[in-house]
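Asker: Quick one: this structure, given as structure tokens, is what I'll be asking you about.
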Amino acid sequence: MAANPAADGTVAKALNVLDLVAARARPVRFSDLLDESPYPKATLYRLLQTLVGQGMLAYDAQAGSYTLGMRLVRLAHVAWQQSSLAPIARPHLDRLSAEVGETVHLAQLDNAQVLYVDKRNARDPVRMYSQAGKVGPAYCTGVGKAMLAFLPEAQLPGMLAQQSWHRFTDKTLTSPEALRAELAAIRARGYAFDNEEHEPGIICVAVPILSSSGSVFGALSVTSTTARTDLNVLEALVPTIRDIAQTIAAETENWRFPEEGAQHSRKRA
């Protein structure tokens, strides 16, 4: 995520610097950060020193480089436990993976993008973009479209305005109008496809994970390749994926909103 020069306040600026360091995915020098940062040299230096002092960044004096700090790692781990679907979904992903033998993804929305929070590789693993912790586009991935389709209408224009509409393949939808038409179809049938829209040869079917009131918790998908299957075969897995998505949703609701979740469980029983 790029730094936002319009962000106000020291905290926002510090978070932007953390984003710059995280985006490199490797140790980064001050000069590199200065080239990308919207802040003056003195301001950037002060922010880095504060972040190092608070343990949010680590500084290697010998290499002259910065990396994310262990305090940030601890906070990320707690956030993963408290806010992510992953701890709740883990045994269900294991079961789905064992049953279908293909790649399984669990995702949530991160602002207007897709955050892959967990993944199970296929029995015969396939190289693809997605990894747990990675952020991907929402408009051209199965999990992204499955979540966008079930958002309240009032939220959708803002979400679509934040998409890049980059054409990854010749099947990528590159306009809000085209995507809106597909989202309507997804709402009608209850699940989404990725038909080689993000990566050539990669296809998937995805089901939203919804609360009892219809709020979007996340999405679950099964992914394969055109070399060994097709969308019709993946579509046949929808009942299995949907059952597991509903189980994850119910357990998430019971955990996040225990009273409401318990009432919902009694009604279903």
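Asker: Check SER213, SER130, SER164 and return the single one that is small (Gly, Ala, Ser) and over 30 Å from ALA25 (Cβ atoms). Don't jump to the end; show me each part of the working.
Answerer: Details: SER130 fails: over 30 Å from ALA25 (Cβ atoms); SER164 fails: over 30 Å from ALA25 (Cβ atoms).
Being small (Gly, Ala, Ser) and over 30 Å from ALA25 (Cβ atoms) holds for just one of SER213, SER130, SER164, which is SER213.
Asker: Moving on to the next point. Determine which member of the set ASN111, ASN16, ASN121 is within 22 Å of PRO137 (Cβ to Cβ) and surrounded by 14 or more Cβ atoms within 10 Å (Cβ to Cβ).
Answerer: Values: ASN111 fails: surrounded by 14 or more Cβ atoms within 10 Å (Cβ to Cβ); ASN121 fails: surrounded by 14 or more Cβ atoms within 10 Å (Cβ to Cβ).
After ruling out the rest, the residue left standing is ASN16.
Asker: Does ALA79 satisfy the criteria of being aliphatic (A, V, I, L, M), assigned by TED's automatic domain parsing to the domain that holds MET147, modelled with pLDDT under 95 and closer than 30 Å to VAL205 by Cβ? Even if it seems obvious, please write down each step before you answer.
Answerer: Working: aliphatic (A, V, I, L, M): yes; assigned by TED's automatic domain parsing to the domain that holds MET147: no; modelled with pLDDT under 95: yes; closer than 30 Å to VAL205 by Cβ: yes.
So ALA79 fails the test.
Asker: Name the single residue that is surrounded by the most Cβ atoms within 10 Å (Cβ to Cβ) among those in segment 36-46 being assigned to a helix (DSSP H, G or I) and more than 28 Å from the chain's Cα centre (by Cα).
Answerer: Restricting to residues being assigned to a helix (DSSP H, G or I) and more than 28 Å from the chain's Cα centre (by Cα), the top hit is LEU44.
Asker: What number of residues within segment 85-108 are outside any helix (DSSP H, G or I) and loosely packed, with under 15 Cβ neighbours inside 10 Å?
Answerer: Pass one, segment 85-108, residues outside any helix (DSSP H, G or I): 85, 101-108.
From what is left, the residues that are loosely packed, with under 15 Cβ neighbours inside 10 Å are 101.
Within segment 85-108, residues that are outside any helix (DSSP H, G or I) and loosely packed, with under 15 Cβ neighbours inside 10 Å number 1.
Asker: Read through the list (1) modelled with pLDDT under 90; (2) within 19 Å of PHE193 (Cα to Cα), then give the number of the only condition that PRO87 fails.
Answerer: (2)
Asker: Among the residues of segment 128-158, which ones are free of Cβ contacts under 8 Å to residues at least 24 places away in the same chain and either in contact with a strand residue (DSSP E or B) (Cβ under 6 Å, 6 or more places away or on another chain) or β-branched (Val, Ile, Thr) (or both)?
Answerer: Selection gives LYS134 alone.
Asker: So which residues in segment 101-140 are more than 21 Å from ILE88 (Cβ to Cβ) and of a type in the set (Phe, Trp, Tyr)?
Answerer: Answer for segment 101-140, where residues must be more than 21 Å from ILE88 (Cβ to Cβ) and of a type in the set (Phe, Trp, Tyr): TYR129, TYR139.
Asker: I've got another one for you. Give the number of residues within segment 85-127 that are in contact (Cβ under 8 Å) with a residue 60 or more places away in the chain, over 19 Å from ASN254 (Cα atoms) and of a type in the set (S, T, N, Q).
Answerer: 1
Asker: Count, please, the residues in segment 124-143 that happen to be at pLDDT 95 or above and of a type in the set (Phe, Trp, Tyr).
Answerer: 1
Asker: Here is a check on your reading of the model: is TYR129 closer than 28 Å to GLY190 by Cα and of a type in the set (Phe, Trp, Tyr)?
Answerer: Working: closer than 28 Å to GLY190 by Cα: yes; of a type in the set (Phe, Trp, Tyr): yes.
Against the criterion (closer than 28 Å to GLY190 by Cα and of a type in the set (Phe, Trp, Tyr)), TYR129 qualifies.
The values are calculated or read from the model by the stated rules, or taken from the named source; none is laboratory data. Treat the numbers as computed from the prediction; the structure is a model and nothing was measured. Neighbour counts run over all protein chains shown; Cβ positions are idealised from the backbone, glycine included.
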